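> Sharing a structure below in structure tokens format, with a few things to ask.
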Amino acid sequence: MLGWGGAGLALGAAVAGGAVAAATAGEDRTAPAAASGAAVPFHGAHQAGIATAVQDRLHFASFDVKTRDRAELVRLLQDWTRAAEQMTAGDTVGEGAYGGLAEAPPDDTGEALGLKPSRLTLTVGFGPSLFDARFGLGDRRPAALVELPKFAGDNLDPARSGGDLCVQACADDPQVAVHAIRQLARIGFGKVAVRWSQLGFGKTSSTTPEAQTPRNLMGFKDGTRNIAGTDTAALGKHVWVSRKDGPAWLVGGSYLVARRIRMNIETWDRTSLKEQEDIFGRDKGEGAPVGRARERDEPFLPAMLPTAHVRLAHPDSNGGARMLRRGFSFTDGTDGLGRLDAGLFFLAYQRDVAHGFVPVQRSLASDDLNEYIQHVGSALYAIPPGVRDKDDWWGRALFS
Ligand code: HEM
């Protein structure tokens, strides 16, 4: 009977207690993975989970908004924000998992009790469909937030695509990420419903060039030429929405493209090493571009096949387009035909999709990699700027 409204009050009191602030003070969001399981600060000009050093695990959820009541949606975003402040600091939500009213379900489900914050970040986004007639947001929709065009080879499942809201939960402990999405879904019960979700393990792109580059499920180093979380010039140029771009409520935010890319793993595994390396335009061991010795050497594009992935995706082939890739590998069991349902859950943040994902994905139409992959899910979200302080909440500037 208490519901989340009651818990929200208790939550405020707990946050005011100061333990949360102490746990997060002075942490650097872009610091590489800390073995300590530290907390990443939740408040800031930008949302955490973008430039933040990529964590090991992902739980991504896309939600449909079920309520038609704008005030109820606003309350939900406020409640989510307060819960996110607590969970990213390693706290339970509301009054916690035990010790409260015996007659009511606990505010927190409890499976993260005793676990460290594990660098949990929660990043919220708004899909194009949120700006339809339901909430009076039509005139606040960014001109750039339009459905992605259909690309060659797309085989998209509507049940794994789109959504009004998204939450990206990243953490170094999978249980912490799953717990966070579960609490937000619970808090949203009756107001939002999970449309689809994706678990990810093994980051496929790093934002920390000084650390070892991770490998994707094809066995290649992935993220070598990604935008680094510490490269403020590149972030400003390619990732954060500026005043000039508008709208005002999105300044300091970004756009996120999510694509569930299935890999034909079994076919790939029967492909010769030479062909695999030709497909990417890099060697498998070192990750060096064709004709070069070291991973970080500048790629010489004319030395690669015209259909090589790196040649086609490179900024020089796409009018300078760049994005911050932050994807994860996934394996969701088998497909009933004896094949792994595995691949790359591609996540890319950018300042402008029309000069980021769209031209690059169009260019990849002639990518030799297409023989081994298929895009089966797709979504686009506007990512609002960061939550500044304890009085602020996700989307305040949009709804005010
Ligand atoms: C399963 C699908 C994919 C796999 C396995 C894959 C793998 C790779 C690998 C191994 C590299 C080289 C290392 C690096 O610089 O990161 C790379 C580079 C890159 N990929 Fe992908 N990729 C995939 C899909 C995509 C998609 C859908 C896009 C965007 C539309 C994309 C954009 C890029 C970009 C921008 C680069 C860097 C190019 C450069 O500056 O040299 N990739 N990818």
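The values are calculated or read from the model by the stated rules, or taken from the named source; none is laboratory data. The structure displayed is predicted, hence computed values, not measured ones. Note that each Cβ is placed from the backbone with ideal geometry, even for glycine, and that neighbours are counted across all protein chains shown.
A quick yes/no check of all residues on (1) more than 8 Å from the ligand (Cβ to nearest atom); (2) within 18 Å of the chain's Cα centre (by Cα); (3) in a strand (DSSP E or B); (4) surrounded by fewer than 18 Cβ atoms within 10 Å (Cβ to Cβ):
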residue	(1), (2), (3), (4)
217	no, no, no, no
228	yes, yes, no, no
246	yes, no, no, yes
258	yes, yes, yes, no
262	yes, yes, yes, no
268	yes, no, no, no
276	yes, no, no, no
279	yes, no, no, no
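> Let me ask something else. Just to check your reading of the model, which residue among 161, 205, 242, 254 is crowded, with 17+ Cβ neighbours inside 10 Å and either at pLDDT below 95 or more than 16 Å from the ligand (Cβ to nearest atom) (or both)?
205
> When both residues are 6+ apart or on different chains and their Cβ atoms are under 9 Å apart, which pairs have a first residue that lies in the range 224-237 and is farther than 16 Å from residue 347 by Cα, and a second that is of a type in the set (S, T, N, Q) and part of a loop (DSSP other than H, G, I, E, B)?
230/30; 230/207; 230/208; 231/207; 236/242
> How many residues does the range 192-202 contain that are within 13 Å of the ligand (Cβ to nearest atom) and surrounded by fewer than 17 Cβ atoms within 10 Å (Cβ to Cβ)?
Total meeting the criteria: 0.
> Another question, if that's okay. Looking only at the range 283-298, filter to residues that are touching a helix residue (DSSP H, G or I) at 6+ places or on another chain (Cβ under 6 Å) and buried (at least 17 other Cβ atoms within 10 Å of the Cβ); which one of those is farthest from residue 369 (Cα to Cα)?
If we take residues in the range 283-298 being touching a helix residue (DSSP H, G or I) at 6+ places or on another chain (Cβ under 6 Å) and buried (at least 17 other Cβ atoms within 10 Å of the Cβ), then 290 is farthest from residue 369 (Cα to Cα).
> Oh, and also: Only one of 211, 234 is in a loop (DSSP other than H, G, I, E, B) and within 16 Å of the ligand (Cβ to nearest atom). Can you tell me which?
211
> Report, by residue number, each residue of the range 87-128 that is buried (at least 17 other Cβ atoms within 10 Å of the Cβ), polar (S, T, N, Q) and outside any strand (DSSP E or B).
Correct list: 88, 92, 118.
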